[in-house]
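Undergrad: Handing you this structure, nothing more for now.
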Amino acid sequence: LASSDLPMASFEEIQGIDDAKLEVMELVDTLRNPEKYAILGARAPTGLLLEGPPGTGKTMLARATAASAGVPLLYCSGSDFVEMFVGRGAARVRKLFERAARLSPCIIFVDELDALGKSRDAGGGIGPFSRSNDEAEQTLNQLLACMDGLDSSRRICVLAATNRKDVLDSALIRPGRFDRIVKLKLPDTNGRENILRVHCTKLPGFQEGSGVDSNRTGSLGKGRRVDLAAISVMTEGFSGAELEFLVNEAAIRAVR
Ligand SMILES: Nc1ncnc2c1ncn2[C@@H]1O[C@H](COP(=O)(O)OP(=O)(O)O)[C@@H](O)[C@H]1O
Ligand SMILES: [Mg+2]
């Protein structure tokens, strides 16, 4: 439950999701420089929800925020609060917010929010190992109560991420809770090229060039030089995580 357990990342490494990056950096700024916003009468947002397909960089954004925010980031995953016994999950939520109050100004990051924030009328499933509905509901209610208890003097922001906003309880996205929602999309051609570059330039011996060998079909470069623009055109629909995987596969093949 601490940011020190998170491998670090930098904002420069995150490509193709500039809107989300800017929103998160602005949120950090409201925590660090509240005076600036107070002049204009603006209240810092309580909650920011990052929503988007798997592998688009949501967890990576949390890592970059932890590394560079200059305020502590308490990282946890929605599944950390999933318990079998009624009241346990709620107690964990309370503890988290108590800890945040001691560390403030700080950021709470709840990754995979859907694991704890599922709609209360969606049911908890059936069978001997299904989580009790009461437990899930109490945990969610506790989160709502804790978020309502945050006022701007507390200087605590809650960031969260989900692949599945559709299953979230609508109470979570009311004003004063996760009132800012940032949609992350799969990267476009330019975004993919930049993501490929981030991951390729970490490989020793990688050489980038522009232009392909017109004598070979399917050529992706000239000689030892790889044309990342050519690859990005061919990888429509790939997420950042899939592009990273592709680079890794290519590196393994290069060794063979
Ligand atoms: N926008 C991006 N820019 C650069 N690398 C990315 C991006 N999105 C994903 N990746 C790569 O994929 C990995 C997994 O992404 P992750 O942040 O876990 O996605 P999510 O949490 O949205 O499912 C990252 O650690 C990173 O190496
Ligand atoms: Mg993630």
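The values are calculated or read from the model by the stated rules, or taken from the named source; none is laboratory data. Worth saying up front: this structure is predicted, and the values here are computed from it rather than measured. Note that each Cβ is placed from the backbone with ideal geometry, even for glycine, and that neighbours are counted across all protein chains shown. Protein only, heavy atoms only, side chains kept; ligands, DNA and RNA dropped before computing areas. Shrake-Rupley method; radii C 1.70, N 1.55, O 1.52, S 1.80 Å.
Undergrad: Under 5 Å between amide hydrogens, which residues at least 5 positions from Ile181 or on another chain qualify, with H placed 1.01 Å from N in the peptide plane?
TA: Leu49
Undergrad: Can you tell me the relative contact order of the chain? Whole percent, Cα pairs under 8 Å, sequence separation 6 or more. Intermediate values should be presented prior to the final figure.
TA: Values: 440 pairs, mean separation 63.3, N = 256.
It comes to 25 percent, rounded to a whole number.
Undergrad: Helix 240-255 sits at what angle to the longest principal axis of the chain, using alpha carbons and giving 0 to 90 degrees rounded to 10?
TA: In the chain, helix 240-255 runs at an angle near 40 degrees to the longest axis.
Undergrad: If I fit a long axis through the Cα atoms of helix 18-32 and take the longest principal axis of the Cα atoms of the chain, what angle between them do I get, 0 to 90°, rounded to 10?
TA: Long axis of 18-32 versus the principal axis of the chain: about 40 degrees.
Undergrad: Additional query: What does the charge add up to near Ala69, with Lys and Arg as +1, Asp and Glu as -1, over the other residues with Cβ less than 14 Å from its Cβ?
TA: +1
Undergrad: Taking the solvent-accessible surface of protein heavy atoms with a 1.4 Å probe, what is the per residue accessible area of region 189-255 in Å²?
TA: Per-residue value: 63 Å².
Undergrad: Can you tell me which of 179-189, 246-256, 197-207 comes out highest on packing, and rank the rest after it, using the mean Cβ neighbours within 10 Å?
TA: Order by mean packing, descending: 179-189, 197-207, 246-256.
Undergrad: In degrees, nearest 10, range 0 to 90: what is the angle between the Cα axis of helix 58-68 and the longest Cα principal axis of the chain?
TA: For 58-68 against the chain, the angle is about 80 degrees.
Undergrad: Hey, another quick one. Any chance you could look up the accessible area of Ile195 with a 1.4 Å probe, heavy atoms only, rounded to 10 Å²?
TA: 10 Å²
Undergrad: So for Met8, Met25, Met234, what's the accessible-area order with a 1.4 Å probe, most first?
TA: Result, largest first: Met234, Met8, Met25.
Undergrad: Let me ask something else. Would you calculate, for the chain, the mean residue ellipticity at 222 nm contributed by helices, counting each DSSP H stretch of 4 or more residues as -39,500 (n - 2.57) and dividing by all residues, to the nearest 500?
TA: One gets -12500 deg cm²/dmol as the mean residue ellipticity at 222 nm.
Undergrad: Ser77: accessible area at probe 1.4 Å, nearest 10 Å²?
TA: Counting only protein heavy atoms, the figure is 20 Å².
Undergrad: Grab the chain and count how many Lys pairs have their alpha-carbon atoms under 24 Å apart, sequence gap of 8 or more, or different chains.
TA: 18
Undergrad: Right, another one. Might you report the magnitude of the Cβ-based charge dipole of region 189-255 about its Cα centre, with Lys and Arg at +1 and Asp and Glu at -1, to the nearest 20 debye?
TA: Approximately 260 debye in magnitude.
Undergrad: Round to a whole number: what % of the accessible area of region 189-255 belongs to carbon and sulfur, probe 1.4 Å?
TA: Solvent-exposed carbon and sulfur of region 189-255 make up 53 percent of the total.
Undergrad: For Phe97, Phe85, give the ranking by accessible area with the largest first, probe 1.4 Å.
TA: Putting Phe97, Phe85 in descending order of accessible area: Phe85, Phe97.
Undergrad: Mind grabbing the accessible area of Ser10 for me, 1.4 Å probe, Å², rounded to tens?
TA: 40 Å²
Undergrad: Using a simple spin-label model with points 7 Å from Cα along the Cα→Cβ vector, what separation in nm is obtained for Asn141 and Glu35?
TA: Inter-label distance under the simple model: 4.3 nm.
Undergrad: So how strong a dipole does region 3-183 carry about its Cα centre when Lys and Arg Cβ are +1 and Asp and Glu Cβ are -1, to the nearest 20 debye?
TA: 400 debye
Undergrad: Moving to a separate point now. Let me know the shape class of region 189-255, please: from the alpha-carbon gyration tensor, a ≥ b ≥ c as square roots of the eigenvalues, rounded when a/c is under 1.5, otherwise prolate if a/b is greater than b/c, or oblate.
TA: Oblate, because a/c is 1.5 or more while a/b does not exceed b/c.
Undergrad: Moving on. Hey, could you grab the Kirkwood Rh for the chain? Inverse mean 1/r over distinct alpha carbon pairs, Å, one decimal.
TA: 20.1 Å
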